[in-house]
């Protein structure tokens, strides 16, 4: 039994031709040996073809898995970019809130604070500015 029906069909055809063969150039046993050698080559080629087809199937599975991974990475990247954008907007908003609170604190310190409180307020602002400059 061969690897594929095509090989069986070719084998039967060679056998059908070989039996009535009567020539002086080649004897029947020589013809059968040659035919068998050719059939062995055909079988080998068919095995290689089958192995190649199996390899292609495996590569297609790998390709599908890689495509899915690329899609997941793309979705993660899109979400990550949205998260970064949202975070950046939040930071800008918080910075503007801090600035407004500092301005309100400055105005309040001028009108409502005693000298000790005003000095503490100014020291706190100066320390914060130094920390920001060091970063």
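Taken together, the values in this text are just the output of simple stated rules run on the coordinates, not laboratory data. On a predicted model such as this, the values are computed, not experimentally measured, just so you know. Cβ coordinates were reconstructed from backbone atoms using ideal geometry, including for glycine residues, and neighbour counts include every protein chain displayed.
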Ranked 76, 121, criterion: other C-beta atoms within 10 Å, fewest first:
76, 121
If you stretched the chain out fully between residue 103 and residue 44, how much longer would it get, using 0.36 nm times the residue separation minus the C-alpha to C-alpha distance?
12.6 nm
